[in-house]
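Quick notes on the structure that follows.
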Amino acid sequence: MVLCRVPRWSVRLWASPGWWRTTCTLRALVRPKRGPGCPGGASGPLACRTFSRVSSCPPEVMLTQERYPVRRLPFSVVSEEDLAAFECIVPGRVVTDPEVLEVSNVDWLRTARGCSKVLLRPRTSEEVSRILRYCHERNLAVNPQGGNTGLVGGSVPVFDEIILSTALMNQVTSFNSVSGILTCQAGCVLEGLSRYVQERDFVMPGPCHIGGNVATNAGGLRFLRYGSLRGTVLGLEVVLADGTVLDCLTSLRKDNTGYDLKQLFIGSEGTLGVITAVSILCPPKPKAVNVAFLGCPGFAEVLQTFSTCRGMLGEILSAFEFMDAECMQLVQQHLHLASPVQESAFYLLVETSGSSTGHDAEKLGCFLEQVLGSGLVTDGTVATDESKAQALWALRERITEALSRDGYVYKYDVSLPVERLYDLVTDLRARLGSQARHVVGYGHLGDGNLHLNVTVDAFSTTLLDTLEPYVYAWTAGQRGSISAEHGLGFRKRDALGYSKPPHAVQLMQHLKALLDPKGILNPYKMLPTQA
């Protein structure tokens, strides 16, 4: 054990061997670099395909149409004449190579697989418009695809839908350094946008391709600080199913004229239109960032620590993440990452972001002194520089990777009252017993978002029947949401009724029929199967 003393504290923070052999200081300026799982700013249909490949020859993914009971709708089949027409619209960007298509047909988790025979790569909204106008006339189904990092099977075809990739739509149109308003095409990758705005002293508020983020209303790790995309997106350009370009790309903070149409498309998962450009408000880049990693003896202490944290850190609190002991064990086992604190039942990652290093360090120090002194937290450590802050974030952000290496993963993303957040994990462990390798819980405690994951040796329909609809019914019983931030996609579409009343679902179906009467946009996704 290496003892790290922090000046003016009456308590001590302990770090395990091999970790930080430097004096911990709350006055270190750290700026953890946050990516959504899309490293290096890669683009194109091969982008955002990272750690789901755990070997050079991964096992073939079963076709979605074979794994799940789903029937192909009466869409047309792509012909040679169609390929020739697409070549005229996007010359040189009609992809039929089976190897490239294999990557775009399989989702990021390698649990869903379509059999599309063609991928189109437009560069402009006009090209998207011409493609959709043609597909609408020919009754060809289209699967819009951004970074393909979705977790519910919403970003890949179910059958042979045409894949419409926005990866080449990656241009920044404008940025206002006074207001912080960015306008860009939908295929811009978050990491590239983050670099762009950080050079101008701003940060991106959302988690891979900005269009995909908006289409799924992705939340991210700092929802607690920056809120949802419904609040930060100011305008959209969207191409409708018949090729109509809807230009609502305003950059105004206030516009109270008529219906706010952009909200229809935020979170619509590409079922109502294809988002081609976004105007978004970027908050100023914080000048001081601190990251602490803490151990708690129980979930009751986790809740009390969060309550204390909100009260004492207030406006500088930017993230409050939790993970259970099994998450830490899997991260250590599969990724060989070391825990910086003593073994605990739960672990917390607390981040602060503000404008004054000294002010923020003092507030964080008072908070840590309070929770350590009261026994709510039994152990903890604070990042002393940016690389160590990134190492702390890796323990939380790479849980998904560790789970993927543990076997087949059943993933659930639910919103619950914070006081009941972990009860679902406990109940499910008792329900499954030895049927599962691991049942783990982690997530964004600050906004009541639990990521519940069950790992097993291989996919089992029997186990799926044990999990569903039990998880959805349990969540509904607490008046929670069956999808907090991942969306519904293909896998959860028939569970929508657990979170929305029948009249709301019916209205959604009416809107779909109005905007996409032939149902060609991302079919089999989001809305329940209709007889």
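Between Gly235 and Ser279, the built amide H atoms are under 5 Å apart, and every one of these is 5 or more places off in sequence or on another chain. For the chain, the mean residue ellipticity at 222 nm estimated from helices alone is -9000 deg cm²/dmol, where every DSSP H run of n ≥ 4 contributes -39500 (n - 2.57) and the total is divided by all residues, rounded to the nearest 500. Listed cross-link partners Lys117/Lys492; Lys285/Lys492; Lys254/Lys285; Lys262/Lys285; Lys285/Lys388; Lys363/Lys492 are compared with a 31 Å cut-off, the Cα-Cα value being larger for Lys285/Lys492; Lys363/Lys492. Of the labelled figures (1) 40, 27, 21; (2) 58, 26, 22; (3) 43, 38, 23, only one reflects semi-axes √(5λ) of the Cα gyration tensor in Å as derived from the coordinates, namely (1). Per residue, region 407-515 exposes an accessible area of 41 Å² to a 1.4 Å probe, with every protein chain left in place. Other residues within the sphere of radius under 12 Å centred on the Cβ of Val78, judged by their own Cβ, net out at -3 (K and R +1, D and E -1).
Spin-label pair Asp457-Asp201: with each label point 7 Å from Cα along the Cα-Cβ axis, the two points sit 6.0 nm from one another. Contact order for region 141-203, expressed relative to its length and based on alpha carbon pairs under 8 Å spaced 6+ residues apart, stands at 26 percent.
Only protein atoms count toward the accessible area here, which uses a 1.4 Å probe; on region 408-513, the carbon and sulfur part of that area reaches 53 percent. Here region 172-281 exposes an accessible surface that is 50 percent carbon and sulfur, computed with a 1.4 Å probe and the other protein chains kept in place.
The listed peptides 422-433, 483-494, ordered by packing as a protection proxy, come out as 483-494, 422-433 (highest mean of other Cβ atoms within 10 Å first).
Averaged per residue, region 122-163 has 28 square angstrom of accessible surface, using a 1.4 angstrom probe with ligands and nucleic acids left out.
Karplus-based coupling profile of region 323-336, in residue order and whole Hz: 8, 8, 5, 5, 4, 4, 4, 5, 5, 5, 5, 8, 10, 6, with θ = phi - 60° in 6.51 cos²θ - 1.76 cosθ + 1.60 and x standing for Gly or Pro. Per-residue packing, averaged as other Cβ atoms within 10 Å, sorts the ranges 391-403, 89-101 into the order 391-403, 89-101, beginning with the highest.
Here the contact order of region 407-515, divided by its residue count and restricted to Cα pairs under 8 Å and six or more residues apart, works out to 31 percent. The peptide list 71-80, 516-525, 182-191, 117-126, put in order of mean Cβ contacts within 10 Å with the highest first, becomes 182-191, 516-525, 117-126, 71-80.
Across region 72-165, the mean sequence separation of Cα contacts (distance under 8 Å, 6 or more residues apart), normalised by length, yields a relative contact order of 35 percent. Solvent exposure of region 172-281 amounts to 39 Å² per residue of accessible area, where only protein heavy atoms count and the probe is 1.4 Å.
Amide H to amide H distances under 5 Å link Ala141 with Ser76, Ile162, where only residues 5 or more positions off or on other chains count and H is placed in the peptide plane. Heavy-atom surface analysis with a 1.4 Å probe gives region 72-165 a carbon and sulfur content of 54 percent of its accessible area. So, counting K/R as plus one and D/E as minus one, what does the shell of residues with Cβ under 12 Å around Thr124 add up to? Summing Lys and Arg as +1 and Asp and Glu as -1 gives +1.
The values are calculated or read from the model by the stated rules, or taken from the named source; none is laboratory data. Everything numeric here is computed off the predicted structure, so don't read it as measured data. Using ideal geometry, Cβ is built from the backbone for each residue, glycine included, and neighbour counts are taken over all protein chains shown. What goes into the accessible areas is simple: the full protein's heavy atoms, side chains included, and nothing from ligands, DNA or RNA. Shrake-Rupley method; radii C 1.70, N 1.55, O 1.52, S 1.80 Å.
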